[in-house]
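Read through the structure below, which is laid out as structure tokens, and then see the notes.
Rule-based calculations on the coordinates, nothing more; no lab input. Being a predicted model, the structure only gives us computed values, none of them experimental. In this analysis, Cβ positions are derived from the backbone assuming ideal geometry, glycine residues included, and neighbour counts consider all displayed protein chains.
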Amino acid sequence: MSNGMSLTAIFFFVAIVGLTLVITWWASKRTSSASDFYTAGGGLTGWQNGLAIAGDYLSAASFLGIAGAVALFGFDGFFFSIGYLVAYLVVLYIVAEPLRNLGKFTLADMITARFDSAKVRGTAALSTITIVLFYMIAQLVGAGALIQLLLGIDYWVAVLIVGFMMTTYVLFGGMTATSWVQIIKACLLMLGTVIISFLVLKEFGFSIATMFKEMETATDSGAAYLNPGLKYQNGVDTISMLIALVLGTAGLPHILMRFFTVKDAKTARSSVIWATWIVGIFYILTIFLGFGAAKFVGKEAIISANAAGNMAAPLLAEALGGDILFSFVCAVAFATILAVVAGLVLSGASALSHDIYGQIIKKGKITEKEQVLAARIGSITIAVISILLALGAQTLNVAFLVSLAFCIAGSANLPVIIYTIYWKRFNTAGAITAMLTGLISALILVAVSPNLWNPVEGKAIFVGNPLISLTNPAIISVPLGFLGGFIGTLLSKETNDKKYREVDVKANTGISVQDVSH
Amino acid sequence: MGNNQENKSIMIDYDAIANQESFKALVRRKNSFLWSMTVIFLAAYMLLPILTSYTKVLHQKAFGEITWVWVYSAGLFIMTWCLCHLYVAKANSFDKEAKAIIAEYENGGGRR
């Protein structure tokens with residue numbers, strides 16, 4: 001690996017920065033209203049939004065993390081790929097269309113379409129901001145470490161560069177710039193992944209059977225490499241993690257927000273199809289990335305570059321494609337991070353500026369101009385907070401932060417979304433208790449988990465025995481979110497069947513003012 | 001939500017639509033389709049970690065050196081894509097019904 005920047009690397013990085021800035025400049029001229037800023041005016045087509053969803057979703061944790069996990073742990077690393085993909089069925093079957101039919105800019109808009117309460121909105125905004133911050137810190141810490149490794153610059157400089165770029169996109173180009181950065185990133189990422197996978201397959205003589213045969217002896221794990229159990233030996237913990245992966249996606253604010261960028265449920269549907277194909281092909285290819293890295297780079301070299309295995313894909317690119325492919329893949333990783341954090345800033349800002357400032361503090365009495373200004377101030381606020389947190393969080397494990405974000409999303413957001421759409425008796429109290437129970441239980445369970453506690457000094461942040469053995473508490477906290485909403489609902493006498501009928505009609509027919517001629 | 005929008009949405013009589021038999025039937029069939037498929041794919045998905053954690057059935061070789069766990073995983077990928085397209089096909093027919101329901105409402109199926 002190079003110690004400084006090669007000319008090729010500089011070329012690719014500058015090209016990506018330049019291209020995305022041109023897009024931002026172009027998008028800034030199309031961003032004048034709040035709807036432009038948050039949802040690109042709702043004017044994206046199915047394939048555009050599908051690519052943008054893929055670009056928003058395939059984070060550095062997917063590209064670098066899963067490739068590394070498969071390289072080091074064989075099949076156990078592939079669990080992530082499966083979970084992240086099947087999650088799209090939950091999004092498509094349960095969430096996407098009703099969300100599009102009911103919401104405007106944020107998750108809170110959708111829930112308050114049924115329960116017009118500042119408390120409900122505030123709680124939803126709180127949960128959104130919490131998830132965004134955890135996810136964002138994970139991305140920024142990962143980005144800092146990666147760029148530090150690739151370019152040989154200091155961690156804090158790297159975080160500031162990424163922070164500056166993401167703020168620029170969102171501030172000037174809003175959702176239009178963010179979407180196009182995500183679309184381009186998705187294309188680049190697919191291109192890079194397909195090229196590497198092709199080279200890996202070529203090395204194995206284009207035979208999957210040969211690949212598996214050779215992988216049996218390629219690592220020190222022998223045939224066990226091709227079976228589950230290298231990393232995950234605790235059954236309940238494995239199941240819990242897979243629950244978080246499959247249910248968390250449907251509660252992630254930056255993914256949910258993407259459904260407001262299309263004009264109707266039909267387009268929302270087609271964008272999920274696009275996203276599922278792209279994301280699915282990508283996740284299949286993580287097998288080639290991981291196997292290739294294990295075989296042609298070797299476990300020792302991967303671990304010595306980065307203990308978590310995050311350098312597996314770039315190192316594989318270098319081994320098979322030389323400096324040019326290495327530089328390209330590093331630039332793709334950079335673009336990947338930029339696209340994801342920009343989407344996160346936007347969804348955090350929507351909760352802060354639209355929900356908390358515009359709807360709660362100003363009670364919706366806010367002009368279009370003020371809304372856009374508030375959105376921009378909110379974006380800067382979210383960006384600054386997450387940059388500061390990331391600067392102090394350098395040593396935190398990135399994969400842990402991401403899985404925590406998925407866990408909170410599945411526990412705090414998914415139950416309230418499902419109840420809002422499908423349960424007639426559900427009420428205001430239930431909406432609040434569902435979100436708070438999910439959010440708080442996920443946070444507390446993680447706080448007492450082995451992620452933070454280890455009896456051996458230096459293995460975790462605190463020295464001592466963890467209270468629970470689960471590294472991912474979704475198996476407890478997701479049911480608690482549902483239970484909290486259930487009990488909260490029954491404890492309150494409030495019912496509003498009329499409002500539910502309205503929500504039911506809207507969710508199922510997509511009827512809105514323009515559909516009715518009178 | 002601005003006052004403007006609230007005033008406008010009062011113009012649609014949601015109760016009238018909700019009380020149409022055609023609407024009730026659509027929601028019933030739609031929800032039973034959505035939730036039964038959801039139960040099926042979640043079960044198929046959760047079966048994977050259960051089988052790999054508590055049994056060795058998927059650790060056996062299926063084709064050459066490829067073990068059943070990869071075959072099962074490939075099956076989950078194929079399932080995801082197939083169910084996506086099944087959903088679209090179903091949703092397109094639900095769309096037609098929803099249009100008919102709105103048309104019925106506009107033609108006085110409700111209070112008018």
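Descriptive notes on the structure:
- Sequence ranges A:209-221, A:312-324, A:447-459, A:80-92, ranked by mean other-Cβ count within 10 angstrom, highest first: A:80-92, A:312-324, A:209-221, A:447-459
- Anchor residue B:61: lysines whose Cα lies under 30 Å away (excluding residues fewer than 8 positions away in-chain): A:202, A:213, A:231, A:295, A:299
- Hits among aspartates and glutamates - C-alpha to C-alpha of residue A:498 under 18 Å, sequence gap 8 or more where chains match: A:116, B:6, B:13, B:15, B:21
- Compactness relative to 2.2 N^0.38 Å, alpha carbon Rg of region B:37-112: 1.86
- The mean number of partner chain beta-carbon atoms within 10 angstrom of a residue's beta-carbon across peptide A:266-277 is 3.
- Counting, for every residue in A:83-94, the Cβ atoms of other protein chains within 10 Å of its Cβ and taking the mean gives 6.
- For region A:417-518, the dipole from Cβ point charges (+1 on Lys and Arg, -1 on Asp and Glu) about the Cα centre works out to 200 debye, to the nearest 20.
- The 3J(HN,Hα) values that the Karplus relation (6.51, -1.76, 1.60; θ = phi - 60°) gives for region A:28-36 are, in residue order, 4, 6, 9, 10, 10, 9, 4, 5, 4 Hz. Gly and Pro appear as x.
- When the Cα positions of A:305, A:448, A:511 are compared along the charge dipole of chain A, A:511 comes out farthest toward the positive end, with charges on each C-beta of Lys, Arg, Asp and Glu.
- Dividing the convex hull volume of the alpha-carbon atoms in chain A by its residue count gives 138 Å³ per residue.
- Integer Hz, Karplus 6.51/-1.76/1.60 couplings in order for region A:500-507, x for Gly and Pro: 5, 4, 4, 4, 4, 5, 4, 5
- Structure note, pairs A:185/A:363; A:506/B:90; A:363/B:30: Cα-Cα distances above 28 angstrom occur for A:185/A:363; A:363/B:30.
- Normalised alpha carbon radius of gyration of region A:411-460 [divisor 2.2 N^0.38 Å]: 1.63
- Angle of helix A:75-90 to the longest C-alpha principal axis of chain A, folded into 0 to 90 degrees and rounded to 10: 20°.
- Rough spin-label spacing in nm, given labels placed 7 Å along Cα→Cβ, for residue B:54 and residue A:381: 4.8
- Backbone phi angles across region A:96-111, fed through the Karplus curve with coefficients 6.51, -1.76 and 1.60 (θ = phi - 60°), yield HN-Hα couplings of 4, 6, x, 4, 4, 6, 9, x, 10, 10, 9, 4, 4, 4, 5, 6 Hz in residue order; Gly and Pro are listed as x.
- Of all aspartates and glutamates in the structure, those lying under 19 Å Cα to Cα from residue B:56, and not within fewer than 8 positions of it along the same chain, are A:76, A:216, A:237, B:65.
- Rounded to the nearest 20 debye, the dipole magnitude of the protein assembly as shown is 1420 debye, with +1 charges on Lys and Arg beta carbons, -1 on Asp and Glu beta carbons, and the Cα centre as origin.
- Distance between the 7 Å Cα→Cβ label points at residue A:47 and residue B:31: 3.8 nm.
- Cβ-based exposure ranking for A:232, B:54, A:419, in which fewest neighbours within 10 Å come first: B:54, A:232, A:419
- Computed from Cα atoms alone, the Kirkwood hydrodynamic radius reported for region A:319-359 is 12.3 Å.
- Once the Cα-Cα distance is subtracted from the 0.36 nm per residue extended length, the residue A:214 to residue A:324 segment shows a gain of 36.9 nm.
- Exposure proxy ranking for A:32, A:379, A:347, based on other Cβ atoms within 10 angstrom of each Cβ and starting from the fewest, stands as A:32, A:379, A:347.
- Calculated FRET efficiency for the pair residue A:493/residue A:187, C-beta based, R₀ 56 Å, to 0.05: 0.55
- Charge dipole (debye, nearest 20) of region B:37-112; +1 at Cβ of Lys and Arg, -1 at Cβ of Asp and Glu: 100
- Placing a label point 7 Å from the Cα of residue A:236 along the Cα-to-Cβ direction, the residues of region A:431-447 whose backbone N falls under 18 Å from that point are A:441-447.
- GNM result for chain B, Cα springs below 10 Å: residue of B:46, B:37, B:79 fluctuating most strongly: B:46
- Of every Cα-Cα pair in region A:389-518, the percent that sits beyond 18 Å: 63
- With a cut-off of 19 Å on the backbone N, the residues of region A:78-92 near the modelled label site 7 Å out from residue B:39 along Cα-Cβ are A:89-91.
- Estimated distance in nm for a label pair at residue A:360 and residue A:395, the labels positioned 7 Å out from Cα along Cα-to-Cβ: 3.4
- Built amide H within the under 5 Å cut-off of residue B:62, gap 5+: B:67, B:68
- Ranked B:53, A:353, A:327, criterion: other C-beta atoms within 10 Å, fewest first: B:53, A:327, A:353
- Whole-Å distance, taken between Cα centres, linking region A:161-179 and region A:104-120: 26
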